[in-house]
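Everything on this sheet refers to the single structure shown next.
Every number in this text was worked out from the coordinates using simple rules, so none of it is lab data. Keep in mind the model is a prediction, meaning the values are calculated, not measured. Cβ atoms come from the backbone with ideal geometry, glycine included; neighbour counts cover every protein chain shown.
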Amino acid sequence: MASKQLGHNEIDMLHGPLLVKILTFALPLAASSVLQQLFNSVDVAVVGRFASSEALAAVGSNAPVINLLINLFVGISMGANAIISNHIGQNDKDRIRSAVSTSAVVALFSGIFLMALGVTVAKPIHSMMGTPEEVTNMAVSYLRIYFLGMPFIMIFNFGSAILRSLGDTRRPLYILIAAGILNTVLNLLFVIVFHMGVEGVAIATGISNLFSAAMVVSILLKEEEPYRLHPDDMHIQRDELSHMLEIGVPAGLQGVVFSISNVIIQASINSYGFNAVAGSAAALNFEQYCYYVIAAFNGAAISFVGQNYGAGNMDRVKRIFLICMGLGMASCAALNWIFAGWSDFFLGLFTDSDAVKEFGTIRMHTALVLQGLACLYEIPGSALRGMGRSMLPTLLTVFGTCLLRIVWVYTICPIWKGFHALMFVYPVSWTITGIMVMTAFIVTFNKIRKKAGLAKTA
């Protein structure tokens with residue numbers, strides 16, 4: 001694909017210098033993800049400042065639950081991103097069309113399924129987590145209303161994945177800027193003016209997600225071929241679905257198991273009372289912001305590696321990996337230290353309770369400050385998925401992160417008691433998992449490059 005054939009919203013990932021192009025791709029993607037998290041942060045901040053600490057805990061305690069239920073389908077959207085990127089690298093327009101159509105159908109049905117699932121399991125899952133009685137009813141109410149908007153979330157995620165595959169991260173950003181403003185205004189209106197509490201912030205988020213979905217669909221309906229969405233010809237192409245699931249399901253299952261471990265950790269946090277739940281929820285917001293910087297370079301790795309792997313350019317794949325790794329670690333670490341260094345100020349945005357701040361500070365000074373270590377497994381895992389190898393990073397991450405965290409909660413924490421001990425599970429698991437996934441990437445990459453070299457000389 002020559003540069004002159006590209007639309008003004010696309011990035012030529014196959015030719016030319018990489019650093020500026022990766023930044024051009026990743027920065028809008030990071031901003032988009034941060035804005036999505038801002039939806040949740042505004043929810044937490046509004047109820048924390050204008051409702052109560054109990055309301056803050058109710059909203060914040062749902063983050064691991066939401067991630068648990070949706071991560072499988074978020075992983076499948078990563079699969080859609082990878083296969084469309086591969087097809088672009090191969091310049092296969094027919095398969096691009098089929099992949100776009102398949103992605104749209106999967107987005108719609110996965111959203112409907114998640115809506116029904118979330119509404120059904122909201123109360124039982126909070127009972128199993130041991131959510132403090134003071135906040136249980138509010139937490140369940142928030143979760144049920146939130147999941148009524150799940151079709152819109154899935155449509156936006158899959159639509160954005162289609163746009164990312166061709167290098168367009170700017171228009172999803174513009175959509176989320178507008179949606180974020182709408183969400184903030186509605187939050188303040190529903191909570192301060194109408195005194196709707198957690199139900200108000202959940203409804204505001206749902207309306208904002210509806211807006212985001214409508215905007216991304218309108219873009220795809222007008223997009224140039226072969227990326228245009230045709231509602232009258234939406235169907236699932238079996239080969240594309242199979243390839244999408246082959247890459248996406250392992251990534252999604254990794255996210256699910258990862259979330260299970262976080263739900264178990266959340267249950268341990270719940271045992272410290274609602275001040276701990278509220279403080280952890282406030283601190284978690286800043287971890288999410290930093291993680292989404294990593295996720296932006298994950299997205300860049302998947303798309304850039306996917307296209308160049310499809311085109312057979314392994315030397316360029318190596319350079320992409322090194323750039324994404326360096327930029328991801330540096331930017332995440334910088335944000336980690338800023339947030340942790342000014343923890344009292346940042347936590348004060350969410351609460352004025354000293355008891356809540358105490359727990360939040362512990363989490364920020366123990367886990368958040370070292371979060372850049374997560375790049376050691378996130379970026380290599382994304383690069384492997386861009387090359388169509390999704391199961392290996394999934395298995396290693398499940399073992400190194402998820403199982404280790406569960407073992408830590410049930411073996412280390414009873415011996416080394418206290419909230420500090422619980423929070424140390426994060427940097428320990430990041431380090432161990434990073435060593436394993438980084439090693440797997442190096443070995444796999446060298447094997448693929450050697451095989452490609454032998455094929456050229458044959």
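Values computed for the structure shown
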{"quantity": "P(r), alpha carbons of the chain - 20 Å bins starting at zero, rounded %", "calculated": "26, 59, 15, 0"}
{"quantity": "Charge dipole of region 3-449 about the Cα centre (unit charges at C-beta), most positive-ward option of Thr397, Asn313, Gln254", "calculated": "Asn313"}
{"quantity": "Cα gyration tensor, region 209-308 - rounded (a/c under 1.5), prolate or oblate", "calculated": "prolate"}
{"quantity": "Taking Phe113, Phe194 and counting other C-beta atoms within 10 Å, the order from fewest to most", "calculated": "Phe194, Phe113"}
{"quantity": "Relative contact order for the chain, counting Cα pairs under 8 Å that sit 6 or more residues apart, in percent", "calculated": "23"}
{"quantity": "Count of Lys pairs (Cα-Cα under 18 Å; at least 8 positions apart or interchain) in the chain", "calculated": "8"}
{"quantity": "Ordering of 409-419, 200-210 by burial proxy (mean other Cβ atoms within 10 Å per residue, highest first)", "calculated": "200-210, 409-419"}
{"quantity": "Label-point separation, Trp342 to Ala178 (7 Å along Cα→Cβ), nm", "calculated": "3.1"}
{"quantity": "Span-like helix ranges in the chain, DSSP H, alpha carbon extent 20 angstrom or more, Kyte mean at least -1.0", "calculated": "19-50, 63-90, 93-129, 133-148, 150-165, 170-188, 197-222, 238-270, 274-310, 314-341, 425-457"}
{"quantity": "Fully extended contour minus Cα-Cα distance, from Val119 to His230, at 0.36 nm per residue", "calculated": "36.9 nm"}
{"quantity": "Inter-site label distance for Asn446 and Asp239 at 7 Å from Cα along Cβ, in nm", "calculated": "3.5"}
{"quantity": "Dipole moment magnitude, nearest 20 debye, region 221-342 about Cα centre, only Lys, Arg, Asp, Glu C-beta charged", "calculated": "500"}
{"quantity": "Stretch gain in nm, segment Lys93-Leu148, where the contour uses 0.36 nm per residue and the Cα spacing is subtracted", "calculated": "16.3 nm"}
